[in-house]
Amino acid sequence: MSKVSLANKYRPQTFEELTEQESIKVILENQIKTNSLKHAYLFCGGAGTR
């Protein structure tokens, strides 16, 4: 039996599952839809940090 970390087990799989950073979520969704990524985003911190 393979162990899966809780961070991986409960990590959102879709944008709809995200609960924080609504403005960043909208920006990323729009950039992906239009295939026009213009900025680099750095997401850091331990899993589950806000």
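FYI, it's all coordinate maths here, none of it is from the lab. All values reported here derive from a predicted model rather than from experimental measurement. Here Cβ is always computed from backbone atoms with ideal geometry, including for glycine, and neighbour counts include all displayed protein chains.
Peptide packing for 18-26, 31-39 was compared via the average number of neighbouring C-beta atoms within 10 Å per residue; ordered from the highest value, the list is 18-26, 31-39.
Sequentially through segment 21-32, phi angles give Karplus couplings (6.51, -1.76, 1.60; θ = phi - 60°) of 6, 4, 5, 5, 4, 5, 4, 5, 4, 5, 5, 5 Hz, Gly and Pro residues having no value and appearing as x. Between ILE32 and SER5, the contour length at 0.36 nm per residue exceeds the Cα-Cα span by 6.9 nm.
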